[in-house]
Amino acid sequence: MTATLIDGKAFAAGLRARVAEEVRALAARGVVPGLAVVLVGEDPASAVYVRNKAAQTVEAGMRSFQHRLPASTGQAELLALVATLNADPAVDGILVQLPLPAQIDPQAVIEAIAPEKDVDGFHPMNVGRLATGMAGLVPCTPLGASMLIDSVRPDVAGLEAVVIGRSSIVGKPMAQLLLQRSATVTIAHSRTRDLAAVCRRADVLVAAVGRPEMVRGDWIKPGAVVIDVGINRVPSPEGGEGRTRLVGDVAFAEAAAVAGAITPVPGGVGPMTIACLLANTLQAAKARRGI
Ligand code: GUN
């Protein structure tokens, strides 16, 4: 392996420590940021995320409010909870865990969250702020990914950046962040022709497609920065009934032999997401009080 390994786990720990330090300073002035996390239904993966979010929120010195609603919850009921949280002065950030059960329209819920408490950065107001270069709340995963890019390639101006994936949660905001830094940005997706050739142009390649090890070593430009947002659970080759392992969207060993720097999975972008959620909650708490 020739690539520098980008240690997202260590970077995230540092970011959480910086957030905690600022939270302590705020607490001394009587301000304790609060994050409300809403989970509808019993999806086991979502339950793990929500538990981790709550634990890290408390560890950073902030208040954590957890709301667990049954899978049968109707949209009106969820919207009513969001309205309560919007009005609650102890709540600075609101996160409604996605995906939601089929009877609830996620966009209606996202649009019901007060933009100044929208720590996911999914509200159209925050999407628009990002697109127009105004200060706002930026989606956590692309925000964390951009910090990792900054850590190895602080100046991407004029470089070719390719983002694979056009989701509103990762791909589109990631492209906006790279564009803000004056990269030449391409968003590739499932309909892109000759994806390998597009990727080979990339000085910065961000993979956010959710397809295990789709990006091969010969898709990587020598020396490129490779950011793997994928977290895919696949059967473990070492056998063992029901044994699984986590892989990214990038074939790591192949890519690491060509790239200049690369994030591992796990331990790359993943840990950055919750750290950025805490950073966003702190930012929301300060902004709401004019600090
Ligand atoms: N589900 C998976 N990722 C996310 C995220 O970043 N925010 C929310 N609200 N739900 C998610």
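Looking at the structure I just gave you, is residue 240 open to solvent by less than 70 Å² (accessible area, probe 1.4 Å) and either at positive phi or of a type in the set (D, E, K, R) (or both)? Taking the combined requirement at face value, the residue satisfies it.
Is it fair to say residue 59 is open to solvent by 80 Å² or more (accessible area, probe 1.4 Å), away from the ligand (no atom under 16 Å from the Cβ) and within 25 Å of residue 283 (Cβ to Cβ)? Against the criterion (open to solvent by 80 Å² or more (accessible area, probe 1.4 Å), away from the ligand (no atom under 16 Å from the Cβ) and within 25 Å of residue 283 (Cβ to Cβ)), residue 59 qualifies. When 197, 255 are checked against the criterion of being out of contact with any Pro (no Cβ under 6 Å at 6 or more places or on another chain), buried (at least 24 other Cβ atoms within 10 Å of the Cβ) and over 30 Å from residue 85 (Cα atoms), 255 stands alone in meeting it.
For residues in segment 146-170 being charged (D, E, K, R) and crowded, with 17+ Cβ neighbours inside 10 Å, which is nearest to the ligand (Cβ to nearest atom)? Outline the logic, then answer.
So in segment 146-170, the residues charged (D, E, K, R) come out as 150, 153, 155, 160, 166.
Keeping just the survivors that are crowded, with 17+ Cβ neighbours inside 10 Å gives 153, 160, 166.
Numbers: 153: 24, 160: 27, 166: 16 Å.
Among residues in segment 146-170 that are charged (D, E, K, R) and crowded, with 17+ Cβ neighbours inside 10 Å, the one nearest to the ligand (Cβ to nearest atom) is 166.
Do we find a residue being of a type in the set (A, V, I, L, M), touching a strand residue (DSSP E or B) at 6+ places or on another chain (Cβ under 8 Å) and surrounded by 22 or more Cβ atoms within 10 Å (Cβ to Cβ) anywhere in segment 124-145?
Of the residues in segment 124-145, the ones of a type in the set (A, V, I, L, M) are 125, 127, 130-131, 134-135, 137-138, 143, 145.
Cutting the leftovers down to touching a strand residue (DSSP E or B) at 6+ places or on another chain (Cβ under 8 Å) gives us 145.
From the residues that got through so far, the ones that are surrounded by 22 or more Cβ atoms within 10 Å (Cβ to Cβ) too are 145.
Yes - at least one qualifying residue is present in segment 124-145.
Considering (1) surrounded by fewer than 18 Cβ atoms within 10 Å (Cβ to Cβ); (2) of a type in the set (A, V, I, L, M, F, W, C); (3) more than 14 Å from the ligand (Cβ to nearest atom); (4) closer than 22 Å to residue 273 by Cα, the lone condition that residue 45 does not fulfil carries the number (3). Of note, residue 225 satisfies the criterion of being in contact with a helix residue (DSSP H, G or I) (Cβ under 8 Å, 6 or more places away or on another chain) and closer than 23 Å to residue 172 by Cα.
To keep it simple, each residue is scored yes or no on (1) within 16 Å of the ligand (Cβ to nearest atom); (2) in contact with a Phe, Trp or Tyr (Cβ under 6 Å, 6 or more places away or on another chain); (3) open to solvent by less than 50 Å² (accessible area, probe 1.4 Å).
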site: 186; (1), (2), (3): no, no, yes
site: 206; (1), (2), (3): yes, no, yes
site: 212; (1), (2), (3): no, no, no
site: 225; (1), (2), (3): no, no, yes
site: 230; (1), (2), (3): yes, no, yes
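Are any residues in segment 171-181 in contact with a strand residue (DSSP E or B) (Cβ under 8 Å, 6 or more places away or on another chain), within 16 Å of the ligand (Cβ to nearest atom) and open to solvent by less than 60 Å² (accessible area, probe 1.4 Å), and if so, which ones? If you could, list the steps in order and put the result at the bottom.
Going residue by residue through segment 171-181, those that are in contact with a strand residue (DSSP E or B) (Cβ under 8 Å, 6 or more places away or on another chain) are 171-172, 174-175, 178-179.
Now narrow it down to the ones that are within 16 Å of the ligand (Cβ to nearest atom): 171-172, 174.
The answer is 171, 174.
When 268, 217 are checked against the criterion of being modelled with pLDDT of 95 or more and within 16 Å of the ligand (Cβ to nearest atom), a single residue qualifies: 268.
Only one of the numbered conditions (1) polar (S, T, N, Q); (2) away from the ligand (no atom under 12 Å from the Cβ); (3) open to solvent by less than 40 Å² (accessible area, probe 1.4 Å) is not met by residue 97, and that is (2).
The values are calculated or read from the model by the stated rules, or taken from the named source; none is laboratory data. From a predicted model like this one, the values you see are computed outputs, not experimental measurements. Reconstructed Cβ throughout: ideal geometry from the backbone, glycine too, with neighbour counts over all protein chains shown. Heavy atoms of the whole protein, side chains included, go into the accessibility calculation; ligands, DNA and RNA do not. Shrake-Rupley method; radii C 1.70, N 1.55, O 1.52, S 1.80 Å.
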